[in-house]
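The values are calculated or read from the model by the stated rules, or taken from the named source; none is laboratory data. Source: prediction; values computed, not measured. Here the Cβ positions follow ideal geometry from the backbone for every residue, glycine too, while neighbour counts run over all protein chains shown.
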Amino acid sequence: MAFRTRTPKDVALISSVTLTGTASLFYFLLIFFLEKEFEWLWLIIFLGVGFTVSYLVIYYFTELFIYKKIKILYKTIHSLKTLSDGKLRIQMSKEVLQDVNIEVASWADEKIKEVKELASKDNYRREFIGNLAHELKTPLFNIQGYIDTLMEGDLDDPDLTRKFLSKASSSCDRLGTLIQDLDQITSIESGSIPLNYSRFDLTQLVREVIESLEPKSTERGVQLGLRNPNEKNIFVMADRNRMQQVFTNLLVNSINYGKEGGSTVIHFFDMGDSQLVEVSDNGIGIGQEHLPRLFERFYRVDKSRSRHEGGSGLGLAICKHIIDQHNQSISVRSTEGIGSTFNFTIKKA
């Protein structure tokens with residue numbers, strides 16, 4: 001059953017009825033014990049005057065009492081919610097208690113939501129720091145292990161020395177890439193790296209990226225190409241270097257998780273003012289439960305294999321930040337065992 005807050009009018013009415021009823025009973029008892037003649041006229045006048053006076057007096061003092069008691073609470077909550085000048089304007093003719101109840105409930109809901117958001121951010125922060133520590137620790141431990149092995153072994157063996165130094169160098173490269181990617185994604189988020197917009201041919205850019213990744217794709221047995229090899233020129237307006245990085249990260253990702261003998265194709269769709277780009281592969285695919293977090297920093301679907309591939313875990317996060325910085329959108333759809341498709345938009349020139 002819904003609860004309706006009592007207003008000063010309600011309190012005055014109830015109190016006045018109670019008082020007049022009590023007065024009437026007292027009048028009847030007085031007549032009874034004094035054995036005087038009962039006068040209806042005097043009773044009606046007495047009740048009418050008594051009810052009116054009691055109603056006005058009780059209403060005034062009840063309103064004054066409620067106003068003083070609630071004003072501070074209501075003003076504080078209202079000023080906290082609106083962050084305004086804090087000036088309170090309450091009309092006591094309204095249901096002030098009910099208004100305060102609504103304000104308190106609304107304020108409490110907002111604070112509960114804020115607490116949940118802070119808890120979620122805190123969990124994300126702890127997870128991020130843990131992942132970062134692990135990503136940094138892996139190449140550092142590798143470097144330390146190779147150097148310790150050389151120090152404890154025979155440094156006169158040039159082949160062994162060259163082998164371990166080469167592995168240590170690879171770990172240094174991985175550590176450098178991780179730090180560089182972290183610095184870049186931080187700079188993009190803070191806006192310290194402005195976009196250098198220019199008009200360029202999108203198909204030409206994709207062909208250049210494919211050509212640069214040909215040795216890696218050939219080594220992995222993954223074929224890269226345009227769905228339409230004879231694709232005409234498509235001119236867009238964006239930061240060419242940043243878009244080159246987006247294509248590179250997406251294609252490297254498809255190579256790392258592609259099947260041997262598989263393929264990755266790029267397809268363009270005209271969307272009016274924008275150009276839709278799809279990068280599709282027939283690789284191992286991604287489970288649906290991972291898709292919502294795929295663009296988070298250091299989030300890995302297969303942690304053991306991902307780290308074995310040597311990536312920084314920031315490639316997709318960088319892609320999203322670059323696309324967001326262009327005021328465009330990027331998304332992914334995938335099916336395990338079938339493949340994945342990343343699509344994003346670019347503004348046409």
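Quickly run through region 312-334 and pick out the residues that are of a type in the set (Val, Ile, Thr), over 14 Å from Pro292 (Cα atoms) and modelled with pLDDT of 90 or more. Walk me through how you get there before you give the answer.
Initially, region 312-334 is screened for residues of a type in the set (Val, Ile, Thr), giving 318, 322-323, 330, 332.
Within this subset, residues satisfying the condition of being over 14 Å from Pro292 (Cα atoms) are 318, 322-323.
Answer for region 312-334, where residues must be of a type in the set (Val, Ile, Thr), over 14 Å from Pro292 (Cα atoms) and modelled with pLDDT of 90 or more: Ile322, Ile323.
Which residues, taken from region 217-243, are surrounded by fewer than 17 Cβ atoms within 10 Å (Cβ to Cβ) and aliphatic (A, V, I, L, M)?
Leu226, Met237
Would you confirm whether or not region 173-182 contains a residue that is hydroxyl-bearing (Ser, Thr, Tyr) and in contact with a helix residue (DSSP H, G or I) (Cβ under 6 Å, 6 or more places away or on another chain)? Give the steps one after another, and end with the answer.
Of the residues in region 173-182, the ones hydroxyl-bearing (Ser, Thr, Tyr) are 177.
Now narrow it down to the ones that are in contact with a helix residue (DSSP H, G or I) (Cβ under 6 Å, 6 or more places away or on another chain): none.
Scanning region 173-182 turns up no residue that is hydroxyl-bearing (Ser, Thr, Tyr) and in contact with a helix residue (DSSP H, G or I) (Cβ under 6 Å, 6 or more places away or on another chain).
Test Ile188 against the criterion of being under 16 Å from Leu316 (Cβ atoms), at pLDDT below 90 and in contact with a Lys or Arg (Cβ under 8 Å, 6 or more places away or on another chain), and give yes or no.
Working: under 16 Å from Leu316 (Cβ atoms): yes; at pLDDT below 90: yes; in contact with a Lys or Arg (Cβ under 8 Å, 6 or more places away or on another chain): no.
Against the criterion (under 16 Å from Leu316 (Cβ atoms), at pLDDT below 90 and in contact with a Lys or Arg (Cβ under 8 Å, 6 or more places away or on another chain)), Ile188 does not qualify.
Criterion first (free of Cβ contacts under 8 Å to residues at least 24 places away in the same chain and surrounded by 12 or more Cβ atoms within 10 Å (Cβ to Cβ)) does Leu160 satisfy it? Give the derivation first.
On the way: free of Cβ contacts under 8 Å to residues at least 24 places away in the same chain: yes; surrounded by 12 or more Cβ atoms within 10 Å (Cβ to Cβ): yes.
Yes: the conditions hold for Leu160.
Quick one: in region 223-273, of everything that is basic (Lys, Arg) and either more than 21 Å from Ser331 (Cα to Cα) or part of a helix (DSSP H, G or I) (or both), which residue is modelled with the highest pLDDT?
Arg240
Test Asp173 against the stated conditions and say whether it is charged (D, E, K, R), exposed (fewer than 15 other Cβ atoms within 10 Å of the Cβ), out of contact with any Pro (no Cβ under 7 Å at 6 or more places or on another chain) and more than 28 Å from Asn327 (Cβ to Cβ).
Working: charged (D, E, K, R): yes; exposed (fewer than 15 other Cβ atoms within 10 Å of the Cβ): yes; out of contact with any Pro (no Cβ under 7 Å at 6 or more places or on another chain): yes; more than 28 Å from Asn327 (Cβ to Cβ): yes.
Yes.
Please verify whether region 208-222 includes one or more residues that are at pLDDT 90 or above, in the same structural domain as Ser274 (by TED's automatic domain parsing), within 27 Å of Gln325 (Cα to Cα) and outside any helix (DSSP H, G or I).
yes
Taking Thr149, is it farther than 30 Å from Leu294 by Cα, of a type in the set (S, T, N, Q) and either modelled with pLDDT of 80 or more or out of contact with any strand residue (DSSP E or B) (no Cβ under 9 Å at 6 or more places or on another chain) (or both)? Spell out the reasoning first.
Values: farther than 30 Å from Leu294 by Cα: yes; of a type in the set (S, T, N, Q): yes; either modelled with pLDDT of 80 or more or out of contact with any strand residue (DSSP E or B) (no Cβ under 9 Å at 6 or more places or on another chain) (or both): yes.
Against the criterion (farther than 30 Å from Leu294 by Cα, of a type in the set (S, T, N, Q) and either modelled with pLDDT of 80 or more or out of contact with any strand residue (DSSP E or B) (no Cβ under 9 Å at 6 or more places or on another chain) (or both)), Thr149 qualifies.
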